[in-house]
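**Q** Sending over a structure as structure tokens; questions will come in a sec.
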Amino acid sequence: MYIPSDDTFFIADMIRDYKGDYALEIGIGSGYLTNILCKNFKFVIGTDIDFTSTKHSKDQLKQFNNKFLLCCNICEPINLSFDIIVSNPPYLPFDNKYSYDKKIYGGIKGVEITLNILKLFKFNLKDFGKIIFIVSSLSDNAQLEEYIILNNLNKKILAKKKLFYETLEIWEITI
């Protein structure tokens, strides 16, 4: 389970003012961001590939009746359109120096999981919906940029945060 850290709190500050009917969080971890979404949306679905995270979040979010938590990859079994899709995906590139940790490594270039999340705009995002996620300067963000351009999507950088070894950005993607 991913314990909330600086990146979690960073994206949390960005999503507090979003409101609507349907929200999806991919990679719920501890349920921290799902908690915020449950306060601002009528119905929230949270997914995580890790069963422990899903179970923990269920306990942490028991006060909300407007949520549904699912242990799955991204949101494969869900056939619903959302106003907002939020994710603090694993975004670090994997370099084979350490054992693979699916909570922090987003693939060889660090963006493979985020690319799969971006593809949801075709099936799971309402026409005026938004996908919001974090990227790291350590990852190959040129691949993300290329995908955005090729699919005529719009990117807005909501915030930047410089750390001593990387810069984090929160991107908002719209159709």
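**Q** Say the dipole of region 6-174 comes from +1 at the beta carbon of Lys and Arg and -1 at that of Asp and Glu; which of VAL86, LEU118, GLN143 then lies farthest toward its positive end?
**A** Positive-end residue among those listed: VAL86.
**Q** Still on this model: Taking the Cα centre of region 52-175 as the origin, how large is its charge dipole in debye, to the nearest 20, when only Lys and Arg (+1) and Asp and Glu (-1) carry charge on their Cβ atoms? Before the final figure, lay out each step's value.
**A** Numbers: 17 positive and 13 negative charges, 80 e Å.
For this selection, approximately 380 debye.
**Q** In whole Å, how far is the Cα centre of region 20-51 from that of region 98-175?
**A** 18
**Q** In what sequence, highest mean first, do 86-92, 18-24, 50-56 appear when ranked by Cβ atoms within 10 angstrom?
**A** On the way: 86-92: 23.3, 18-24: 19.3, 50-56: 15.7.
Order by mean packing, descending: 86-92, 18-24, 50-56.
**Q** For the chain, what is the mean residue ellipticity at 222 nm derived from helices alone (per DSSP H run of n ≥ 4: -39500 (n - 2.57); sum divided by total residues; nearest 500 deg cm²/dmol)? Could you put the intermediate results ahead of the total?
**A** Numbers: 5 runs with 46 residues, N = 175.
So the helix-based figure for the chain works out to -7500 deg cm²/dmol.
**Q** Using Cα pairs under 8 angstrom and six or more residues apart, how large is the relative contact order of the chain, in percent?
**A** That works out to 18 percent.
**Q** In 5 Å bins starting at 0, how do the alpha-carbon pair distances of region 6-174 split up by percent?
**A** Using 5 Å bins, I get a P(r) of 2, 9, 19, 22, 23, 15, 8, 3, 0 for region 6-174.
Where a number appears in this text, it was derived from the coordinates with a stated rule and is not lab data. Small disclaimer: the values here were computed from a predicted structure and weren't measured. As a convention, Cβ positions derive from the backbone with ideal geometry for all residues, glycine included, and neighbour counts pool all protein chains shown.
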